[in-house]
Structure formats: structure tokens, C-alpha cells
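Okay, structure first, notes after.
The values are calculated or read from the model by the stated rules, or taken from the named source; none is laboratory data. Note that the structure is predicted; figures quoted are calculated from it, not measured. All Cβ positions, glycine included, derive from the backbone under ideal geometry; neighbour counts span all protein chains shown. To get the accessible areas, we keep the full protein, side chains included, count just its heavy atoms, and leave off ligands, DNA and RNA. Shrake-Rupley method; radii C 1.70, N 1.55, O 1.52, S 1.80 Å.
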Amino acid sequence: MKLPTRLIHNRKGNPERRTVNPPVERASTVILPDRQTLYGGGTGYGRMGLSVHRELEAALCDIEGASHARLTPSGLSACAVGIASVVKAGDHVLLSDSVYGPTRRFCEKRLPLMGVSATRFNPRDTSALEKAITPETRLIVLESPGSLTFEISDTPAIVEIAKSAGVLTLMDNTWSAGVFHQPLDLGVDISVQALTKYMVGHADAFGGAVMTRDKAHAHAVETLTEDWGISLGPDDAYAGLRGTRTLSTRLKAHEASALELARWLGGQDDVGLVIHPALPNHPDHETWKRDFSGSSGLFAILLDAPEEAHIDAFLSALDLFKLGFSWGGFESLIIPCDEQLTRLPEDWTQSRRGRLVRLHAGLEDTGDLIADLERGLRALHDVKNT
Ligand SMILES: Cc1ncc(COP(=O)(O)O)c(C=O)c1O
């Protein structure tokens, strides 16, 4: 059976259960039958997760081709747990310059307090990566496509370099939701996702997951979450599990709409560049075609809006595209990104022309979304010509 079918029919647990999803068990205390079970390990306390958690973990393993999945309360905590689980004082972490900002902050500000150093590499320069590896390097952190700027990493090449140097790799795979890209198949050691985005799909819950095929890494993640007391609440786990049922179908709709918007935007006067890896003009398009089976709803443009008043006119003329952080939900979102972009001096973003704007294509009618963007572009044009 194909993934969409499996995600609908993978119900586990009590064979007498008649509901299509498991009931949400809200519990700290779990009543156990005897002393042996009390101290026998397993699900003896709510923090270790209950039936909804187990079912969500199984679905995530299926999606990512993993053998182990561990849930965390947010995407950022999944990144932090995945990274912290494999490093110790004295180690060095190399992170792609395009990773999600708060993950970068965790590596550059938090890890040093734990005796771990972190430096960045340009995701488009694999040879520079090779030179940046030191004897202390323990982990390479990737995100493909990169947050905000959508670089696709040459993951097989990076994995080969990492393996020959005895270095582990971790990838934030949130953009593809695991449906369009399986980093573990490409040799990546640990894949993480913010379930908050496509898995939940309705912008109303948080969640994260750390996934691997390696027993030792799985054990390291498990003990770290237990030592730090990290767990995902049952209601958020339920929202994640429910989201898996419709994930593949929703992603196809996000993909189709985003592509139509991207192509349309490419023909508009004040749009300098559309940055979408599934478009042939994207510099990493061939790598994307090789390693991904589809694209999601998130992409960016460079907008010719040099003055603050220009971008403000564009944004305030929009009605359907809402201004808000996050993505992956049913609703279309837009954010100007220059405010949160800090990059290496040699990065292409330093020499670009235009304001970086990220769009998430929601599940509204695509024609309505185009009409909305047309309104925004008209307002931009008018304010530039007054
Ligand atoms: C690529 C990526 N990874 C991780 C996260 C963090 O997810 P959360 O907001 O659930 O902590 C985000 C959030 O925007 C993200 O875009």
C-alpha cells in the first residue's frame, strides 16, 4: 500500500477499539497492576507518552523510513534535542548557514555554554564544508531547503564527506514533511521535524519529532528527553496524529497552489526573483529533482520594494495572505524576512536586489490567492509612482 493509504489505515492498539483515532488519555499517573510492572520500564508514567503518542511515533517512522521516533513539545525542541543528544563538551558542530534562525541561535549561543563550539558553512559550497571539518567536529546540521532562502543541499555528497570523516549528520526535514524527501534514505543519521507545520496542518498545536534508524542514536535521544523531562502533551500529540491522516492529500494541494502562484509571480513587474526549488530557474533545481519527489507550499520572492512605505502598501492591501509566523496550516501566510536574515558575508543573499518575502500557499482557491497578490502588487505599483 502507498503512504496515503497506510497513514489512514495504520490504526494500532486495542483491537476492540471502534473509533478511527485513539482516545486522548490525559494522564500523569498511570495505574499499574503490580510491583513488577511498576518498576519494569515501559509506559509507567504519562510523561513517557500514552497510546496517541505511540500511534503518532509509528506513523512518523513510516513517513520518514525511520525505526525510532521521539516526540518533543515543539519543532525547535526537536532540533535542540537531536543536536544535544549526540554532542559532548569539547565537540564541534558545523551548521548550514541557511538553517532555521532559532536552531542557529541554539548552536551558537547555547551549545558553547555546554562546552560545544559551532561554526557555519555556506550550504552551496561543499568543498568549503570539507575544509571546515576539524578533528573535534561531531555533527553537521542541515536543513533542505534552507529556511527563508530555499537552498537545496547536495545531501548525498555531504553525507559522504561526513561519513569519511566520522561525522554525524542531522537534517531539519520540516519543509517536505517527510512526504517529499527521506533524508535517512540518503544516509543522514537523524531527521527532525516541526510537527507544528504540515503534520498538525491547522495552525492550532505544537509538536516536534526526532527520527533515526540507529539504535544508539535513538537511545541517546530517549535518555536525553527523559533526563530533561521533555514530553509532548496528549492533545498536541492527538492533533499531530489526526493531521497524518490527511497529510499527503493536503501537501499535494499546497504543492499545486504554490507552484501556480510562483509561476504567476514570476511574470509580475515588481517581482525580481521567485525562489522555489521546483522551478527550473532555481540554482539547485536539479539537486531538488534528484532528491525530492515533490514540493510543499512554502517559497519566497524578491520584491522590488526599496522603501518601507512600499512593502507596507503591498502587505496592507492583502486580505487573504495573513501576516504571521509559522506555516504549514490551511491558511495562506506572508512575511517580509530581511529583518531575521543574518548570513555569512559570502552568502548570495548579501548581494541580492529586492526585499525577501516568504509566502505560504494555504488551501484557499488559488485564483482567489492570485487576485489577492494582484491587489498587493497594484498597491505597491501605485505607491511607487506617487
Ligand atoms: C524549518 C523549521 N524548523 C523548526 C521550526 C520550529 O518549530 P516550532 O515553531 O514548532 O518550534 C520552524 C518554525 O518555524 C521551522 O520553520
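Do we have any residue at all in region 183-204 that's aliphatic (A, V, I, L, M), more than 16 Å from the ligand (Cβ to nearest atom) and touching a Ser or Thr at 6+ places or on another chain (Cβ under 9 Å)?
yes
Of the residues Glu346, Glu331, which is in a loop (DSSP other than H, G, I, E, B) and closer than 19 Å to Val99 by Cβ?
So the residue among Glu346, Glu331 that is in a loop (DSSP other than H, G, I, E, B) and closer than 19 Å to Val99 by Cβ is Glu346.
Going through region 249-277 one residue at a time, which ones are open to solvent by less than 10 Å² (accessible area, probe 1.4 Å) and within 28 Å of Ala58 (Cα to Cα)?
Leu251, His254
What residue, of Leu7, Leu32, is surrounded by 15 or more Cβ atoms within 10 Å (Cβ to Cβ) and in a loop (DSSP other than H, G, I, E, B)?
Leu32
Could you list all residues from region 353-384 that are part of a loop (DSSP other than H, G, I, E, B) and either surrounded by 16 or more Cβ atoms within 10 Å (Cβ to Cβ) or modelled with pLDDT of 95 or more (or both)?
Gly354, Ala361, Gly362, Leu363, Glu364, Asp365
Could you please let me know if Ala300 is part of a strand (DSSP E or B), among the small types (Gly, Ala, Ser) and not assigned by TED's automatic domain parsing to the domain that holds Asp185?
Yes.
Restricting attention to region 205-227, and to residues there that are within 16 Å of the ligand (Cβ to nearest atom) and touching a residue at least 60 places away in the same chain (Cβ under 8 Å), which single residue is nearest to Lys88 (Cα to Cα)?
Among those residues, the one meeting the criterion is Thr225.
May I ask you to list the residues in region 180-196 that are farther than 12 Å from Ser144 by Cα and surrounded by fewer than 24 Cβ atoms within 10 Å (Cβ to Cβ)?
Scanning region 180-196 gives Leu184, Asp185, Leu186, Gly187, Asp189.
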